[in-house]
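Undergrad: One structure follows; several queries about it will come next.
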Amino acid sequence: MTVVLDTIRATRRWVRTERSAGKSLGFVPTMGAFHEGHLSLIRRAGQQCDRVVVSVFVNPLQFGEGEDFDRYPRDFSRDLKLAEHEEVDALFHPAVEEMYAAPQGITIQVGKLGDLLCGPARPGHFAGVATVVAKLLNIVQPDRIFFGQKDAQQAVIIERMIAELGFPVQMEVCPTMREADGLAMSSRNAYLSAEERANATVLYRSLCHAATRIRSGERDAPRIEREMREMIGAVPGAALDYASVVDRRSLESVKEIVGEVLVAVAVRFGKTRLIDNVIAGPGK
Ligand code: AMP
C-alpha cells in the first residue's frame with residue numbers, strides 16, 4: 001500500500017515513525033508523469049533501502065518565464081498506480097502552496113556550474129532545482145537520494161550542494177533509461193509530433209558517434225563537437241542549443257581529451273527542448 005502524503009507535517013510524522021522503527025529511507029524526487037527512467041530509480045531505491053519515498057512535485061521555481069510549467073504533463077492517478085505497483089511506501093505530493101507557503105525569498109545559489117551547458121538557455125533553473133531539493137531533503141531526511149544520469153548537470157550540482165552544505169545523505173546517480181531506438185526517456189517526449197519523435201533520435205546518435213570517436217583515439221574535443229553539430233544540423237526541425245565535451249565534475253569545456261569526459265547535447269524541436277548525455281573515455 002502506498003501512502004499519499006500531501007502536507008509537510010504528515011510527511012515528517014510518517015518519516016519519524018519509520019525512522020524510530022529503525023527503517024532506512026530511500027528518496028526519489030520527481031516531477032511525476034512516470035516513465036521507466038523514474039521507475040528504475042524507484043527500483044534501485046527499493047534495493048538499497050527499507051522504505052522508499054517518492055515526491056511528485058512540478059516545481060515552479062525551476063521553470064523560467066515562457067517555459068512549460070503550465071502544460072507540463074501531470075497525471076497523479078496514473079503515477080499513484082505505478083507507485084503501488086512498484087511498492088513505493090510513500091508518495092509526497094504537495095500543492096505549490098504547501099511547498100511555497102510564502103514567496104521563496106531564500107534560495108540556493110549554485111555558482112558557475114549553473115551557468116554552463118543548459119545555464120544560458122535556462123537562467124535560474126538550477127538554483128530552483130537546488131532550492132527545492134534542499135527543502136525536500138529537510139522534509140524527508142532520507143539516508144539515500146537517487147537521481148538519473150539523464151540530467152547530468154543537475155546531478156553534478158546536487159552532488160556539490162550535498163557535499164558543500166553538508167546534507168547527511170548519500171547520493172546515487174542511476175543510468176539513463178532509453179527507448180528501443182536510443183531516445184532518452186523523458187516526460188517531455190510526449191510533446192513531440194510523430195515526425196519530431198522520429199528525428200529526435202539524433203541526440204543519442206550524435207552522442208554515440210562522439211563516444212565511438214573518443215574510444216578509437218580522437219583527442220580533439222572541438223573537432224568532435226563540430227561533427228556532432230553537423231549531424232544534428234542535418235536533421236530537419238532540429239535546432240541545436242549545444243553539443244559539448246566537458247569535464248565530468250567542473251562541466252568546463254575540454255580541449256584535449258585525456259580521461260573520461262561528459263558529452264552532452266541539447267536540441268530543440270519546435271517548443272520542445274531535449275537533453276541527453278553520455279560519459280565517454282579512451283577505454284569506454
Ligand atoms: P523529472 O521527473 O524529469 O524531474 O526526473 C526525476 C528524476 O528521474 C531525475 O533524477 C531524473 O534525472 C531522472 N530521470 C529522468 N529521465 C530519466 C531517464 N530516462 N533515465 C534515468 N533517469 C531519469
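The values are calculated or read from the model by the stated rules, or taken from the named source; none is laboratory data. In this text the structure is predicted, and so the values were computed from the model without any measurement. Cβ placement follows ideal geometry from the backbone for every residue including glycine, while neighbour counts extend to all protein chains displayed. The area values use the complete protein model at the heavy-atom level, side chains included, leaving out ligands, DNA and RNA. Shrake-Rupley method; radii C 1.70, N 1.55, O 1.52, S 1.80 Å.
Undergrad: Is there a residue in the stretch 167-177 that is open to solvent by 50 Å² or more (accessible area, probe 1.4 Å) and more than 10 Å from the ligand (Cβ to nearest atom)?
TA: So far as the stretch 167-177 goes, yes, one or more of its residues are open to solvent by 50 Å² or more (accessible area, probe 1.4 Å) and more than 10 Å from the ligand (Cβ to nearest atom).
Undergrad: When only residues in the stretch 178-193 that are near the ligand (Cβ under 7 Å from one of its atoms) and of a type in the set (S, T, N, Q) count, which is farthest from PHE69 (Cα to Cα)?
TA: Ranking the qualifying residues of the stretch 178-193, first place goes to SER186.
Undergrad: Return the residue satisfying two criteria in turn: it lies in the stretch 16-66 and is free of Cβ contacts under 8 Å to residues at least 24 places away in the same chain and hydroxyl-bearing (Ser, Thr, Tyr), and of such residues it is nearest to the ligand (Cβ to nearest atom).
TA: Restricting to residues being free of Cβ contacts under 8 Å to residues at least 24 places away in the same chain and hydroxyl-bearing (Ser, Thr, Tyr), the top hit is THR17.
Undergrad: Can you pull out the strands (runs of 3 or more DSSP E) entirely within the stretch 1-118 that have at least 2 residues that are surrounded by 20 or more Cβ atoms within 10 Å (Cβ to Cβ)?
TA: Here the list reads 25-30, 51-56, 90-92.
Undergrad: Hey, another quick one. When you scan the stretch 159-166, do you find a residue that is within 16 Å of the chain's Cα centre (by Cα) and open to solvent by less than 60 Å² (accessible area, probe 1.4 Å), even just one?
TA: yes
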